[in-house]
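Take this structure first; my questions come after.
Every read-out reported here was derived from the displayed coordinates using simple, explicitly stated rules and does not represent laboratory data. Just so we're clear, the structure is a prediction, and the values are computed from it rather than from any experiment. Counting neighbours? That spans all protein chains shown, and the Cβs are built from the backbone with ideal geometry, glycine included.
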Amino acid sequence: MRHPAFAFVSLSALALAGCAVGPDYVAPTPQSSAATGPFLSLDPAAVRPTELPTGWWHLYNDPVLDGLVSDALAANTDVRQAKARIARARAVLRGAGAERLPQSSLSAGGSYARTPDSQLMPGADRESANFDLGLDVSYEVDAFGRISRGIEASRADLEVAQAEADAVRVVVVADTTRAYADAASAAARIAVAKSIVGLLDETLHLTNRRHDAGLEDGLAVARIETLREQRAAEIPALEAERRAALFALATLTGRAPADLPPIAGSRALILEIAAPLPVGDGASLLARRPDVRAAERRLAADTARIGVATADLYPRITLGGNAGSSATSLGDLLTGGSLSYLVGSLIDWVFPNQEATRARIEAANADAEQSLAAFDGAVLQALKETEVALTRYARSLDRRRTLQDAQAAAERAAAILRAQRREGTVDSLQVLDAERTLAETRAQLAEQDAQVSRYQIGVFRALGGGWAADNGRPRT
């Protein structure tokens with residue numbers, strides 16, 4: 001028959017079960033209207049407000065880039081570390097969930113003893129054996145939500161790890177694309193530099209012929225030769241820049257520099273999407289940005305930990321039992337006469353001195369306030385980075401259009417002066433100035449093409465490209 005006092009304690013504990021103390025988490029709402037509306041820097045020539053697709057790098061329609069990004073996501077060392085952190089967070093969550101289950105332990109032991117003659121009692125056996133078997137079971141009644149709040153915090157910690165892994169993927173994909181683009185841009189700029197040198201070689205050859213015919217002095221030859229060598233000197237630096245980009249690409253894809261496949265450096269055209277970029281709006285940005293999601297989930301975890309700390313103000317109720325057997329032989333170990341059991345409950349309560357507990361609650365509240373401020377900061381940072389990236393990209397397109405016009409004008413001017421020199425109406429120094437202007441303009445335009453490519457990738461990086469599911473929750 002169950003003892004009435006034990007029944008009362010058990011029923012009271014079960015009645016309290018499921019009552020979690022501490023604040024219930026409510027996701028914060030960004031204060032700025034810009035967080036849900038369109039971006040300020042929506043230049044129709046550069047971007048459009050349609051939603052960013054998953055896997056933005058596929059917009060470049062470059063199979064080599066697609067393969068490199070896949071390699072980076074599979075083998076990059078930072079991504080591997082992030083995956084390990086997710087696995088650890090999952091293990092911690094599984095451990096927190098196990099606290100809801102009864103805890104049990106099984107013990108067994110045996111001993112054999114021989115008593116000296118000097119200590120042997122009359123009629124007692126000199127040699128004896130003893131065998132013990134026991135089972136302990138305990139169950140903590142989650143009366144005030146200590147366990148459930150702990151599980152809530154661990155689940156949010158797992159989601160933080162998942163969001164941070166997505167943030168690592170965003171960086172790795174953007175850096176991989178940037179390294180591939182930089183290698184391609186350097187190759188394109190090398191081609192431009194070589195074409196400029198080739199053009200100056202033709203000019204130098206013609207000037208030498210005119211000099212030999214007595215139509216030009218040595219100063220014109222020397223100046224054209226100087227300009228030609230200046231432009232030729234830029235090629236080694238560009239080649240070094242290209243190799244550095246390929247070395248970076250090898251590291252990002254988890255390879256040694258010597259192991260990067262040659263096809264990774266075969267592109268010699270600027271990597272660029274010609275159409276306006278899809279960028280979405282502020283609301284989709286915040287749902288997609290991994291750092292914002294990580295900050296929000298960290299706030300949820302810290303809010304749950306307030307409940308964990310608050311639960312220590314109240315009694316901790318544990319129901320337990322023990323069953324055991326003790327005998328002098330293995331055959332008698334499980335007989336009815338050797339069995340014993342004990343069932344009871346335990347209330348553990350730190351009272352009345354709860355200052356340490358209240359200090360922990362205050363610290364947990366401060367952590368939550370800090371996490372809320374960090375979330376607000378992450379929202380503002382995301383909006384700022386995106387607006388800056390959009391502005392830089394749009395203005396880089398404007399600058400390129402201006403340089404394209406300047407190059408067209410310089411080409412016309414150089415062509416006119418070359419024709420006039422053939423007619424003898426201008427000297428080579430005037431042609432040299434036109435050639436210098438054309439060379440500088442072509443080099444600036446090639447550099448600007450590379451800058452446009454970099455800023456375009458910067459837009460995708462700021463948008464947090466492609467790591468959120470359709471409902472805005474993190475993907476596992």
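Can you check how the C-alpha radius of gyration of the stretch 113-247 compares to 2.2 N^0.38 Å, as a plain ratio?
Dividing the Cα Rg of the stretch 113-247 by 2.2 N^0.38 Å gives 3.05.
Which whole-angstrom value gives the distance between the alpha carbon centres of the stretch 24-90 and the stretch 161-203?
Their Cα centres are 20 Å away from one another.
Shifting gears a bit: Can you sort HIS211, HIS205 so the residue with the fewest Cβ neighbours within 10 Å comes first? Each step should come with its number before you reach the end.
Working: HIS211 16, HIS205 11.
Fewest-to-most Cβ neighbours within 10 Å comes out as HIS205, HIS211.
Let me ask you something else. Taking the Cβ-Cβ separation of ASP125 and SER329 as r and a Förster radius of 22 Å, what is the calculated FRET efficiency to the nearest 0.05?
It comes to 0.95.
May I ask you to derive the FRET efficiency for ALA275 and THR402 from their Cβ-Cβ distance with R0 = 30 Å, giving the value to the nearest 0.05?
Efficiency at R0 = 30 Å is approximately 0.90.
If I take every Cα pair under 8 Å that is 6 or more residues apart in the chain, average their sequence separation and divide by the length, what percent do I get for the relative contact order?
Values: 705 pairs, mean separation 128.2, N = 476.
Taking the mean separation of contacting Cα pairs over the length of the chain, I get 27 percent.
Per residue of the stretch 419-435, what does 6.51 cos²θ - 1.76 cosθ + 1.60 with θ = phi - 60° give for ³J(HN,Hα)? Whole Hz please, x for Gly and Pro, Karplus curve as stated.
Residue by residue, the stretch 419-435 yields 5, 5, 5, 4, 7, x, 8, 9, 9, 5, 5, 5, 5, 4, 4, 5, 5 Hz.
Compute the acute angle (0 to 90°) between the alpha-carbon long axis of helix 146-212 and the principal axis of greatest extent of the alpha-carbon atoms of the chain; round to the nearest 10°.
Rounded to the nearest ten degrees, it is 20.
Can you tell me the order of 92-104, 108-120, 312-324 when each peptide is scored by its average per-residue count of other Cβ atoms within 10 angstrom, highest first?
The densest-packed peptide leads the list: 312-324, 92-104, 108-120.
So for the stretch 105-259, averaging the separation of alpha carbon pairs under 8 Å that are six or more residues apart and normalising by length, what relative contact order in percent results?
So the answer I get is 21 percent.
Which label marks the calculated value of Cα extents along the principal axes in Å, given the options [x] 69, 64, 54; [y] 139, 60, 37; [z] 70, 51, 48?
Working out Cα extents along the principal axes in Å from the coordinates points to [y].
Along Cα→Cβ, 7 Å out, is where each label goes; now give me the distance between the ones at GLU229 and ALA283 in nm to one decimal.
Placing both labels 7 Å beyond Cα along the Cβ direction yields 6.5 nm.
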